[in-house]
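The values are calculated or read from the model by the stated rules, or taken from the named source; none is laboratory data. As the structure is a prediction and not an experimental result, all values here were calculated from the model. Please note: Cβ atoms are built from the backbone with ideal geometry, for glycine as well, and neighbour counts cover all protein chains shown. Remember, those area values only see protein heavy atoms, side chains included, never the ligands or the DNA or RNA. Shrake-Rupley method; radii C 1.70, N 1.55, O 1.52, S 1.80 Å.
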Amino acid sequence: MPENCKTISLNKMSVGQKGRIREFVVESDDCERIEEMGVTPGEQVEVVRYAPLGDPIEIKIRGYHLSLRKEEAALIQVEVLS
Amino acid sequence: MSSLTFQSTRPSLVKTVALTGNPNSGKTTLFNAFTKLRQKVGNYPGVTVERKTGTLMLAKDRVVNVIDLPGMYSLAVRSPDEQLARDVLMGRTVDTPKPDLVICVVDAGNLERNLYLVSQLQDLGLPMVIALNMMDEVERQGKEIDVARLSQALGMPVVPTVASQNKGIEKLKQIIAEGVTVFYQRGWRMAPDLEEEVEHLVRLLVQHEGMDRHQAFAEALILLSLGAKLKNEEKKAGPAQWFYKEELIRQINMVQDRLRLKGLRARTAAIEARYGWIKSILKQCVRDKNKRGEDLTERIDGIVTHKLWGWVFFLGIMALMFYMIFTIANYPMDWINAGFTRLGDWVTQTLPEGQLRNLIVNGIIAGVGGVVIFLPQILILFFFISLLQDTGYMARTAFIMDRVMSKVGLHGKSFIPLLSSFACAIPGIMSARTIESPKDRLVTILVAPLMSCSARLPVYTIMIAVLMPAATGMQKAGIMLSMYVLGITGACLMAWLFKKTLLRSQKPVFIMELPPYRWPSWHAVVIHMWERSRLFLKRAGTIILALSVILWVLMSYPRHEGLQGSDALKASFAGRMGTALEPVIKPLGYDWRIGIGLIGSFAAREVFVSTMSIVFNLDDEAGENTLREAFQAAHWPDGRPLFTPLVCLSLMVFYVFALQCVSTIAIVWRETNSWQWPLFQFVYMAILAYLAALAVYQLGRMMGFS
């Protein structure tokens, strides 16, 4: 990865933006479940939409759609690709 | 490292088949295709997880038991449902035999994530076959799966199926009949240090627990994924009869300490290694034809989760559902009512006059009939619920409502149970099963009956009629609506309070799959409705029946010669209870007659109306107007009118909050598997109802109303 890649947390990404999962900020049971659902470092992720009230987020990962709250998304660091 | 491979070359006679797989993979559709209507729904002992079993007829003399396990994403369990599924697969449940064959249903359109569970199941070394379901969706995605190659890579048979169209079912049956040969080879590795520790644990488990290496390997990974220190108590919970020896626990905790010191993340290392392996398999077996069709799900979601249209659609669906429940259901409800009335008339004409006839007509037929009448509403509600669930819209309601629910500390998934409770708390409480966190589920169950159910409608209607006989329809609807709002407010407040105090837990994680939209299988919808109504009718035939008899006895005995109607009632047990209750309920503005109504309506709220008809000496056929006039004419001994506007309001408020429903108590008892929770719920709601009604009456009087 080139060094100038921007790394932000998942909850800061805008709709349609793609990125690559870099790491989880903390280690916890919740993070483990998120990883088990396929949100693992190195994987490509796309923010599909935010819910009408702004929370939760819908993302596309490993070819399917997953929703998670901004609170949890804040734990995931993403390298922005587009 | 012999734990790497597992081979089973001796297909034995299969007697029990377990269906497992991710949620939304079409597992239940396959189960329906196998078992048709030969299904049994019950509960696993000790837990409230629904146990679905059925039988599959392979040949005239060959019957196989099929268990439909709750859907799960991972063997590292998070909910009671997943825990149970794992325990059955590992052969740890007391009364369910370890399956001879596991059919893992995999959503072919979502292969990558679905294979994660497959990879974990492989560790268990069970004879397994993959039902590669929803193959039609793969084509629509413009992809092609090399099934033979996939089967080879996974080391087990893979059968392409479209369960909703009965495709591939015969092939699966053939495999069940013949048994399978599997050859698993673990294709993934973690860091060498980690592998070493796992191996160490495997040896310990083999040595201390006498497990075979495959089971020990799966167990070792589960143990390493436990965040906290292992305690025996945790393992004893639930239906599994399984716990470790003290020495082993000490060793396991030591291994975890060592890993922590080395900074190795055992929990995530295995997950990442598995997904890495899955990626390599997909590279071999899936070909993208780049002929992607239109993504229908994307287009639908563009509307139903839109900032404006999303709400319009959402409110539209909800409005339609309630319209059906409160209007269309009226016709069959009238028929049921007429049926029970005719049955009562027939018994009246056939049997000689006496207490037996009285018991059958006024106790049993009236009591059971009063509850069975709600069957059409329950059918319609479950029709909608299974439709919303099967199409995938249910997940979207949780998605758009989560923000609102999180305000009171709940999860988006609590929304449907609470909404359903507007029709009847019973199906609402039953549908709370989809909530993973036990505490959140309990909070949802505890507040669900605060949503005004349809049984309160008759009470509200008569009270509003007495309160404002000349009111326009709009005014009446306004009062009715404010009762609903009062209930919702109460539910929100109590949920918030419970989450803050009694059932404190970390904010639940909200990770939810948004499955693609699918056509519902009408067969499955009908089976679902049939199952629910059968459970409901079973309860009406048992608990409700028994209670109707008890209530009838209370209202008919002891008998006094020469006393008729309301005088006889006053002398009965129920009458005495009402009289004894009077000092307590007098501050709310009620006398002993209303007291009897409260006691009678304990069976079901709408019984209040029929009990009051008896209290006021009206014959059964008396319509609403007659009862209204009787209410308006009722006075205290000193001549003051009984049903003042304030009393009517106070009564309505009482019914908004009080848990006057035996069926709800029974279902909460069953769902929580304890008598403490229903008791607690009854008491807290009674206190709430009493205080609210007291406040209405006393504050109203202070402000100069009557």
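Give the residue, chosen from B:R287, B:R292, that is over 35 Å from the mean Cα position of the chain (by Cα), at pLDDT 85 or above and not in a helix (DSSP H, G or I).
On the way: B:R292 fails: at pLDDT 85 or above.
Exactly one of B:R287, B:R292 is over 35 Å from the mean Cα position of the chain (by Cα), at pLDDT 85 or above and not in a helix (DSSP H, G or I), namely B:R287.
Restricting attention to segment B:70-81, the residues that are open to solvent by 10 Å² or more (accessible area, probe 1.4 Å) and within 11 Å of chain A (Cβ to nearest Cβ) add up to 5. Kindly indicate the residue of segment A:55-70 that is out of contact with any Phe, Trp or Tyr (no Cβ under 8 Å at 6 or more places or on another chain) and more than 7 Å from chain B (Cβ to nearest Cβ) and also surrounded by the most Cβ atoms within 10 Å (Cβ to Cβ) among those meeting that condition. Checked segment A:55-70; the qualifying residue surrounded by the most Cβ atoms within 10 Å (Cβ to Cβ) is A:I59.
Determine if segment B:118-130 includes at least one residue that is within 14 Å of another protein chain (Cβ to nearest Cβ) and modelled with pLDDT under 90. For segment B:118-130, residues within 14 Å of another protein chain (Cβ to nearest Cβ) and modelled with pLDDT under 90: absent. Screening B:E353 with (1) part of a helix (DSSP H, G or I); (2) more than 14 Å from every other protein chain (Cβ to nearest Cβ) gives one miss only, at (1). Taking first residues from segment B:331-343 that are farther than 8 Å from B:I373 by Cα and partners that are assigned to a helix (DSSP H, G or I) and not aliphatic (A, V, I, L, M), the Cβ contacts under 9 Å between residues at least 6 apart in sequence or on separate chains come to B:Y331/B:P376; B:P332/B:P376; B:W335/B:P376; B:G339/B:G369; B:F340/B:G369; B:F340/B:G370; B:T341/B:G369; B:L343/B:G369. Those residues that are at the interface with chain B (Cβ under 10 Å from one of its Cβ atoms) and among the β-branched types (V, I, T), I need them from segment A:22-49; list them, please. Answer for segment A:22-49, where residues must be at the interface with chain B (Cβ under 10 Å from one of its Cβ atoms) and among the β-branched types (V, I, T): A:I34, A:V39, A:T40, A:V48. Please determine, by comparing only the residues of segment B:263-284 that are at pLDDT below 80 and in a helix (DSSP H, G or I), which one is nearest to the other protein chains (Cβ to nearest Cβ). Checked segment B:263-284; the qualifying residue nearest to the other protein chains (Cβ to nearest Cβ) is B:R267.
In segment B:466-477, the residues that are touching a residue at least 40 places away in the same chain (Cβ under 8 Å) reach residues that are aromatic (F, W, Y) with C-beta atoms within less than 9 angstrom, at least six apart or across chains, in these pairs: B:V466/B:F631; B:V466/B:F643; B:L467/B:F643. Among the conditions (1) within 14 Å of chain A (Cβ to nearest Cβ); (2) assigned to a loop (DSSP other than H, G, I, E, B), the only one that B:M512 does not satisfy is (2).
Test B:R78 against the criterion of being among the charged types (D, E, K, R), more than 22 Å from B:V14 (Cα to Cα) and touching a residue at least 12 places away in the same chain (Cβ under 8 Å), and give yes or no.
On the way: among the charged types (D, E, K, R): yes; more than 22 Å from B:V14 (Cα to Cα): yes; touching a residue at least 12 places away in the same chain (Cβ under 8 Å): yes.
So B:R78 passes the test.
Residue-by-condition table, conditions (1) farther than 27 Å from A:G54 by Cβ; (2) away from chain A (no Cβ under 14 Å); (3) out of contact with any Gly (no Cβ under 6 Å at 6 or more places or on another chain):
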| site | (1), (2), (3) |
| --- | --- |
| B:V312 | no, no, yes |
| B:G316 | no, yes, yes |
| B:I325 | yes, yes, yes |
| B:Y331 | yes, yes, yes |
| B:N337 | yes, yes, yes |
| B:D345 | yes, yes, yes |
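To keep it simple, each residue is scored yes or no on (1) open to solvent by 80 Å² or more (accessible area, probe 1.4 Å); (2) over 30 Å from B:N133 (Cα atoms); (3) assigned to a helix (DSSP H, G or I).
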residue	(1), (2), (3)
B:A524	no, no, yes
B:D567	yes, yes, yes
B:R576	yes, yes, yes
B:I585	no, yes, yes
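Taking the condition open to solvent by 30 Å² or more (accessible area, probe 1.4 Å) and either over 22 Å from B:V64 (Cβ atoms) or of a type in the set (D, E) (or both), does B:Q174 pass? Criteria not met by B:Q174. The residues listed here are B:Q660, B:Q681; of these, the one that is open to solvent by less than 30 Å² (accessible area, probe 1.4 Å) and in a loop (DSSP other than H, G, I, E, B) is B:Q660. Would you be able to say whether some residue in segment A:25-39 is farther than 26 Å from B:G71 by Cα, in contact (Cβ under 8 Å) with a residue 40 or more places away in the chain and open to solvent by 30 Å² or more (accessible area, probe 1.4 Å)? Yes, segment A:25-39 contains at least one residue that is farther than 26 Å from B:G71 by Cα, in contact (Cβ under 8 Å) with a residue 40 or more places away in the chain and open to solvent by 30 Å² or more (accessible area, probe 1.4 Å). Counting residues in segment B:88-95 that are open to solvent by 10 Å² or more (accessible area, probe 1.4 Å), in the same structural domain as B:I169 (by TED's automatic domain parsing) and more than 26 Å from the chain's Cα centre (by Cα) gives zero. Considering segment B:138-158, the residues that are under 28 Å from B:R213 (Cα atoms) and of a type in the set (A, V, I, L, M, F, W, C) include one that is surrounded by the fewest Cβ atoms within 10 Å (Cβ to Cβ), namely B:A153. Checking each residue in segment B:587-613 for being in contact with an Asp or Glu (Cβ under 9 Å, 6 or more places away or on another chain), open to solvent by less than 30 Å² (accessible area, probe 1.4 Å) and more than 28 Å from B:V372 (Cβ to Cβ) picks out B:Y590, B:D591.
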